[in-house]
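Data first, discussion second: the structure below is written as structure tokens.
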Amino acid sequence: MRDRIIGTTNNTFAIGDGSNGDKYLQAELANAPLPYLRYNDTTKLWEKSDDGTVVLPMGRVRQHIVADVVANTTTTSTTFVTLLSISITTTAPTCSLWVQAAFACSNATTNTTNYFRITINGTARRGAGERISPANQPRSGAVSFLLTGVAAGTHTVLLEWRVSAGTGSVRPILRPDEESASLSVMEMV
């Protein structure tokens, strides 16, 4: 039998009878699964179940994947092309994806702009442009986006880039202290 709420003390809402064991806060619903919050006494973590059966940790990163540009890379494309790609398979019934991208780039032509954007499952979500002047002068920027209500399954996250003109560069081998790009994706519940 699950412990029942016994009352409150000052500003604390007490659950349980003071003994060891998991503690539950459950919604009593007619003809529906019984969602609940649980303090797991073994792991010492809060967990949740939206359907009464699948139990997930609360407010935690379930997985974190990072991709980096590891070779000198250039583009002359004026339409977006993939710079970095991450495929992530989420397992929570619903979760959030926290995506972050950082980049340091240059362009061989002065007064040009290198554009970057994050796409998730083919949809552009957030972007930024870095104006390059003078030519080959490294510029840096970052883009982040939180996508909520993500269903379980495989999702593709891209960092795409393009140039207004000239040749854009991310060259971590040739200029390791000045040019780089990274993409980070976290599944959060």
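Just so you know, all these numbers are worked out from the coordinates, no wet-lab data involved. Since we're looking at a predicted model, the values are computed, not measured. Cβ placement follows ideal geometry from the backbone for every residue including glycine, while neighbour counts extend to all protein chains displayed.
Structure above, values below:
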| item | result |
| --- | --- |
| Among 176-183, 118-125, the order from most to least packed when residues are scored by Cβ within 10 Å on average | 176-183, 118-125 |
| Diffusion constant of segment 61-188 at 4 °C, which comes from Stokes-Einstein with the Kirkwood Cα-pair radius and 1.567 mPa s, µm²/s | 87 |
| Relative contact order (percent, whole number), the chain, Cα cutoff 8 Å, 6+ residue spacing | 27 |
| Theoretical gain in end-to-end length, ALA27 to THR167 [0.36 nm per residue, Cα-Cα removed] | 44.5 nm |
| Residue among SER169, ALA124, GLY16 farthest towards the positive dipole end of the chain, charges placed on Cβ | SER169 |
| Zone residues, segment 150-189, relative to ASN136, backbone N less than 18 Å from point 7 Å out along Cα-to-Cβ | 166-180 |
| Size of charge dipole - the chain - debye, nearest 20, with Cβ of Lys, Arg +1 and Asp, Glu -1, no other charges | 400 |
| Approximate spin-label separation SER19-ALA152, in nm, with each point projected 7 Å along Cα-to-Cβ | 3.4 |
